[in-house]
Amino acid sequence: MMRLIAGLCMTLLASASFALPIVSLNPSSTSLAPNESFSVDVLLSGVEVTDPLLAFGFDVDTGAGLRFNGATIAAMFFDDSDAFATTDVGGSAFPAVSGEGILLATLSLTAGFTPGLWDIALTSTGSDFGVSEGLFTLSETFALQAGTAVEVVGGTAVPLPSSVLLVVLGLLLLPRQTVAVRLHSENNLPTKLS
């Protein structure tokens, strides 16, 4: 009987899992007009009280369809973004932070002019992982990876300058004048060009 109880306890202890921190992105809008500015909140959940968050760092990858303008670090963190030249966004907290729905930063972006679905990816990989990028808790460093997509839709017609309209109007009238000069020339009448 003791062996059964001991075996059950060992099984329960071995299967106990700790929650991993989860990063999520919350864009202010997922449908954007060309050249529209928008923001993305970077949220963290699953940070245990026994292993609180000390710091974070990540890079922002938007591809060609969006432009990353910078980030505002949440008030509970110190802004460490400028401390590491190859890390886009970074922050640290003292005292350490735990809980659900922790705002890390708000990213500022601008939509490009090309319609389509565009990805926003946060990464903490490569040689900077564990140095300036990742989620740093009291006991571990976790890779930070998250993503979302936004769509650039439609577009507004770009107004043509008035000079282009004058050139188009002139080109439309040009063939009529040429025909009139030819007809006048075929009759062997003198032509007067001004």
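The simple spin-label model puts a point 7 Å past each Cα toward its Cβ; for ALA121 and SER37 those points are separated by 2.8 nm. Between ASP51 and VAL131, the contour length at 0.36 nm per residue exceeds the Cα-Cα span by 26.9 nm. Ligands, DNA and RNA left out, the accessible area of the stretch 96-152 computed with a 1.4 Å probe is 53% carbon and sulfur.
Kirkwood Rh and Cα-based Rg: tell me the resulting Rg over Rh for the stretch 13-122, rounded to two decimals. Across the stretch 13-122, the Cα-based Rg/Rh ratio is 1.04. Taking every C-alpha pair closer than 8 Å and separated by at least 6 residues, the mean separation divided by the residue count of the stretch 7-149 gives a relative contact order of 31 percent.
The values are calculated or read from the model by the stated rules, or taken from the named source; none is laboratory data. In this text, all values refer to a predicted model and were calculated from it rather than measured experimentally. Glycine also receives a Cβ, built like all others from the backbone with ideal geometry; neighbour counts cover every protein chain displayed. Side chains are part of the model used for accessible areas, which takes the heavy atoms of the whole protein and leaves out ligands, DNA and RNA. Shrake-Rupley method; radii C 1.70, N 1.55, O 1.52, S 1.80 Å.
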